[in-house]
Amino acid sequence: MSEKYSFIDAEKAYYPVVKMCAWLQVSTSGFYAWRDRPASPTARRRARLSRLVQAIFDASDGTYGHRRIHAALRRQGEDCGPELVRDLMRDLGLVPCQPRPWRPTTTQPGEAGQPIPDLVGRDFTAAAPGTKLVGDITYLPTWQGFCYLATVIDCCTKECIGYAIADHMRAELVIDALRMAARNYPLAPEAIFHSDRGSQYRSEAFAEAAARLDILAQLLRGLLPLHVVLPGSAHRRAPRAMGHAEVQTIARRPTRPRLSCVNWHLPWWHGTLPT
């Protein structure tokens, strides 16, 4: 019966109440008695919880699902179940941001060329800053599609000394990151730069840019040791260190992916990676 009265109350601006009561076979007096009746304790409790759920959802930048909102409510001393929170979120139309299942491939092998000597020998340590560098590309999901992050990390300090963000994975992306490292950081003559064999790093444009910066580029095939802190492993570990909420915060900011990435990634890289 309450559903019929709720429907009549919602449509009373478009149809006469008397006619709708006749159509739904309810009494007009019953409708007005229902409308003037004070809200039940259950309705008042649901209304109060709905306001709290909306506030927690907004504070999380739309990243919290019903389980995390339920945990936040329990920390505030609210006695409610996760199914009630899910029902309230459904009534409010709250849909949290969900990670995308598809993951792009950031390593695109280039064509085979001249043999490249192994200048690193899988020794990813350095005695002095600016002598041995490593680089890689990762991706960041946003609501406007994927953007890509290229980094240059110093093997001695483990700091990110250069980066570039773009909506493509062309050679310009890694060149900009390398130029930023050379511009903002003192590099030794003939510093070694190590990366995988992606087509961006095997391009002529990247080779020319490295030569102009007096950097020796090295590209190796195969995975790197997992215990070594390199850009590839740092990119994979950064989301776990940041947490799900922060990763999805970047995803929910389609107009600010660069700012969000810098705010969340670079402070974690500077001086906090294990040596």
GluC sites (Glu not before Pro) within the stretch 170-204: DSSP coil, no more than 13 neighbouring Cβ in 10 Å: Glu190
Under 5 Å, built H, 5+ apart or other chain: amide partners of Tyr139: Leu149
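Using a 10 Å cut-off on Cβ atoms, rank the peptides 159-169, 46-56 from the highest mean neighbour count down. Don't skip to the answer; put the middle values down first.
Working: 159-169: 19.1, 46-56: 16.1.
So the peptides 159-169, 46-56, ranked by packing, come out 159-169, 46-56.
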3J(HN,Hα) from dihedral phi, the stretch 5-16, Karplus parametrisation 6.51/-1.76/1.60, rounded to Hz, x for glycine, proline: 5, 5, 5, 4, 5, 6, 9, 5, 6, 10, 9, x
Karplus-derived 3J(HN,Hα), 6.51/-1.76/1.60, for each residue of the stretch 180-185, Hz, glycine and proline x: 5, 4, 5, 6, 9, 9
HN-Hα J in Hz across the stretch 81-89 - Karplus 6.51, -1.76, 1.60, θ = phi - 60°, x for Gly and Pro: x, x, 5, 5, 5, 4, 5, 5, 5
For the stretch 2-92: rounded, prolate or oblate by the Cα gyration tensor [a/c cutoff 1.5]: prolate
Amide H within-cut-off set for Leu216, under 5 Å, with H built and near neighbours excluded: Ala191, Ile192, Phe193
Built amide H within the under 5 Å cut-off of Ala188, gap 5+: Thr131
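What's the extension gain from Lys19 to Tyr32 if we count 0.36 nm per residue and subtract their Cα-Cα distance? It would help to have the intermediate numbers written out before the result.
Values: separation 13, 0.36 × 13 = 4.68 nm, distance 1.39 nm.
That pair, Lys19 and Tyr32, stretches by 3.3 nm at full extension.
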Residues of type lysines that Lys158 reaches as a straight line, Cα spacing below 19 Å, ignoring anything fewer than 8 places off in the same chain: Lys132
Anchor Lys12: lysines whose Cα lies under 22 Å away (excluding residues fewer than 8 positions away in-chain): Lys4
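All of the numbers you see were taken from the coordinates with simple rules; none came from a lab. Predicted, not measured: the structure shown is a model, and the values here were computed from it. Cβ: placed from backbone, ideal geometry, glycine included. Neighbour counts: every protein chain shown.
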